[in-house]
């Protein structure tokens, strides 16, 4: 079955309003460095989904309470005076990284429909290479995290490193 692919800017999608039944994006929007452009990307993906459709986004949680060092690093990076000093200490990576707060994301998406946020992943990318599953502790920790994600996904949204956002687009 052939499929059509279109290369485009996520901030300016080349499709008419209400073109698709669903929209999906994973780990993209927080790599847009400009806050206004991130907001535009949210509007664009919601614009091209028909009323009654669904938008699904996997994004970084800028303030993961379970990982206070990561949370404090993001708060410092978002503080104007500190961010310049931090950039001088550690050069930026190959991609911009600017995750926004869960509250900010909800504000951007709420005008389009019902927003549901759940925990997508408690563990950071750092965990697997540093706490191997082959160790008893690593295996127990991974079991605990995956069970918690399955059982209490909505309650854990503020704790983990990644969030799954579903927007059921209104009329």
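The values are calculated or read from the model by the stated rules, or taken from the named source; none is laboratory data. Predicted, not measured: the structure shown is a model, and the values here were computed from it. Using ideal geometry, Cβ is built from the backbone for each residue, glycine included, and neighbour counts are taken over all protein chains shown.
Only a single criterion out of (1) surrounded by 12 or more Cβ atoms within 10 Å (Cβ to Cβ); (2) under 20 Å from residue 168 (Cα atoms); (3) without any contact (Cβ under 8 Å) to a residue 60 or more places away in the chain is not satisfied by residue 71, namely (2). Put simply, of 113, 160, 93, 170 the only residue that is free of Cβ contacts under 8 Å to residues at least 24 places away in the same chain and either surrounded by fewer than 16 Cβ atoms within 10 Å (Cβ to Cβ) or within 21 Å of the chain's Cα centre (by Cα) (or both) is 93. Within the stretch 28-37, the residues that satisfy the criterion of being under 20 Å from residue 120 (Cα atoms) and either assigned to a helix (DSSP H, G or I) or touching a residue at least 60 places away in the same chain (Cβ under 8 Å) (or both) are 29, 30, 31.
Of the residues making up the stretch 136-153, those that are surrounded by fewer than 16 Cβ atoms within 10 Å (Cβ to Cβ) and at pLDDT below 75 number 3.
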